[in-house]
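The structure appears right after this line, and notes come after that.
The values are calculated or read from the model by the stated rules, or taken from the named source; none is laboratory data. Keep in mind that this is a model prediction, so the values were computed, not measured. Counting neighbours? That spans all protein chains shown, and the Cβs are built from the backbone with ideal geometry, glycine included. Surface areas here come from the heavy atoms of the whole protein model, side chains and all, with no ligands, DNA or RNA. Shrake-Rupley method; radii C 1.70, N 1.55, O 1.52, S 1.80 Å.
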Amino acid sequence: MSNNSSLTLRIGDMTCASCVAHVEKALRGVEGVVGANVNLATEKATVQMVPGGVDLARLRAAVEDAGYTVVDETPPPAPAEQKVTLGISDMTCASCVAHVEKALRGVPGVAAASVNLATESAAVQFDPGRVSLDALRAAVVDAGYGVREVKEESRPLAPAAEPDFSRRRELATLRNKVIVALVLGGLVLLGSMHMYLPWLPAVLANPFLLWALATPVQFWAGRQFYRGAWGAAKHRTTNMNTLVAVGTSAAYLYSVAATLFPGFFALEGMAPDVYFDSASVVVALVLLGRFLEARAKGQTGEAIKRLLGLQPRTARVLRGETEVDLPIEQVAVGDVVLVRPGEKVPVDGLILEGRSALDESMLTGESLPVEKGPGDTVAGATINKTGSFRFRATRVGRDTVLAQIIRMVEDAQGSKAPIQRLADLIAARFVPIVLAIAVGTFVVWYLLGPQPSFTYALLAAVAVLVIACPCALGLATPTAIMVGTGKGAENGVLIRSAEALELAHQVDAVVLDKTGTLTQGRPAVTDLLPADGLAADELLRLAASAERGSEHPLGEAIVARARERGLALAQASEFVALPGQGIAATVEGRRVLLGNLSLLESEGLSLDGLAAGAAQLAEAGKTPMYVALDGRLAGIVAVADTLKPESRRAVAELRKLGLSVVMLTGDNRRTAEAIGREVGVDRVLAEVLPQDKAAEVARLQAEGKKVAMVGDGINDAP
């Protein structure tokens, strides 16, 4: 196994596949880097490095030398570093953001700086032993901006939702530009086609009007292309911005010259054509593509946002004998945390005292709660269903299980399809090749073409640039991947990676999650085994009456089934929850016990003739709940997560297609195998946590299988 380390950088100013290739080439050129993979959709670069790693400053310098920026880096800085947030004034555009970031990063000892235009703030990570806050302020002021306030943060934050104010603002600005460009470009296009549309007003064909309509499209809507092309030119490189800017400028400037000096460009006595429509429509369409791409980028983090939404915002921590509600970011390893019924567990830890049943479905996919007591581990974001308990925090922030799952989802989104790698390679060479062809075309027509040779040469060169401008290959591949994954998400299909999308037709094995995919995802009563001549409905009625005061999912399932049957439930009294065992209550003057085998044993009750039935229920993956009345066993109520009606047919159809069907679940092996037999899968993989699911899929792939993973929720995302 490789001992190489990896690092993820967020890259700014990338706009196309050509940018991806430039950044990858720059990173791979740094000594110590063994591999680099850049994803345009997530705007992230994953860098593989030799053991010991590579200095971040060298990686950042390589990216900036290529004409791009490093927005932030992960993993977070060492605990010795400090993080502050500066309020920045006088910023007006993205260029200001770049200037402030460059100024802050230029201060010796600053590890990272990320500026947000929408919130007018800068997050700076630095070594307090080398940098003072005054030095940071001075760097910002020297760059021509002001510092309003400073907010210090004492420790690295837990994963938090990335502010999307800037992205929304950028998207709104881009949308407005697209609307203006499409409307004005459409009018220019209609005016340029007056010979085919004689019913249009003649004034619309006036070249001066077309010039007036095309100018805001070219220089306001298309301003970002010029800015991007200039940035690339300063670093002696080219990108899609270069091609769009040069191509549309050639068409626009030629048309302006032909409008002002038509005699110079006239051919055989005919007035010259103008190409304002070509310049405007190209700008409008490329902007539309970028708007759709930017919107798709905003949607790529949806799964991560949902995961982050699982984490509670605060934790109840004991400080001496006092309970204090603290932000989740301030919980430290070793803190004692109190969790009450219905609350989420804030961080990972070890129970010190108390018992409860926890809903761990976000981790395991198992719908039934898990009984926990002293010495058991708990995971952040799981839900405490019944009792209260205290636990000691063992993992916080980026070390929790939830944070690890989030990182795995990010890695999945950063993947790249093989065909996209080919597109990136071609796109990197496409722009300079097109420019060279345009120049060559001009030279050939000028030297060998008919008179007036300059006019013919210019028209031919402009035609090459305008036709090549959209660079369909560079745009089509990432757009197709985004559309494919987006449509899949709309229909409940989470595509593991871009490569998986390309290889989907080769799939020969389907891995199905159990809970919520094959099953209903919630417990339900499946069997009633009464004893001592008691009727089944009476057994269910007494059990449901006792459970009316319980919030346990198994109890809720029993009550729900009794109501489905129309049974009249009695009022229970003297209700007592017995942690780890069940409940006790008085119903109509009779003492009712309902719980597991441990409860019966503690009361000294035997199974009598129900032992065989209980064993069969357990073998079938069902949970037997024992009911005792006045000190005697009254029967068994079995509860299980039942199959969806269509599951058997779906598995049968998959097998008809020649696919191997595997069930993957975090549930216990006996229950999983029972469900697997019932639904008819070929193989069962049980007791697998989310962070291990990817490894199980990898093992199947190592067997030579092309695997598709089917799950119902974010716990299946990795």
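Largest first, what is the accessible-area ranking of 323, 703 with a 1.4 Å probe?
Result of the area sort, largest leading: 703, 323.
Which value, in nm² and rounded to one decimal, describes the direction-averaged projected area of the C-alpha convex hull of the stretch 635-689?
4.5 nm²
Based on Cα coordinates alone, diagonalise the gyration tensor for the stretch 516-591, multiply each eigenvalue by 5, take square roots, and list the semi-axes in whole Å, largest first.
Computed over the stretch 516-591, the values are 21, 16, 12 Å.
Obtain the nm distance between the two label points defined at residue 433 and residue 649 by a simple spin-label model: each point lies 7 Å from its Cα along the Cα-to-C-beta direction.
So the two model labels end up 5.1 nm from each other.
Taking a temperature of 4 °C and a viscosity of 1.567 mPa s, what whole-number D in µm²/s does Stokes-Einstein yield for the stretch 309-364 with Rh from Kirkwood over alpha carbon pairs? Intermediate values should be presented prior to the final figure.
On the way: Rh = 12.2 Å.
For the chosen part, D equals 106 µm²/s.
Can you give the local net charge around residue 314? Use residues other than it whose beta-carbon is closer than 12 angstrom to its beta-carbon, Lys and Arg +1, Asp and Glu -1. Numbers along the way, then the final one.
On the way: positive: 313, 316, 344; negative: 323, 325, 329, 343.
Around residue 314, the charge tally is -1.
For residue 324 and residue 102, calculate 0.36 nm times their separation in residues minus their Cα-Cα distance, and state this gained length in nm to one decimal.
Details: separation 222, 0.36 × 222 = 79.92 nm, distance 4.07 nm.
Roughly 75.9 nm would be gained on extension.
Between residue 565 and residue 506, 0.36 nm times their residue separation minus their Cα-Cα distance comes to what?
Details: separation 59, 0.36 × 59 = 21.24 nm, distance 4.83 nm.
That works out to 16.4 nm of additional length.
What is the distance, in nm, between label points placed 7 Å from the Cα along the Cα-to-Cβ direction at residue 233 and at residue 698?
Roughly 4.7 nm, to one decimal.
Any chance you could run the full-extension gain for residue 575 through residue 632? It's 0.36 nm times the residue separation minus the Cα-Cα distance, nm to one decimal. Display every interim value, and only then the final one.
On the way: separation 57, 0.36 × 57 = 20.52 nm, distance 1.85 nm.
Going from the current span to full extension adds 18.7 nm.
7 Å from Cα along Cα→Cβ at both residue 602 and residue 142: what's the point-to-point distance in nm?
With each label point 7 Å from Cα toward Cβ, the separation is 7.0 nm.
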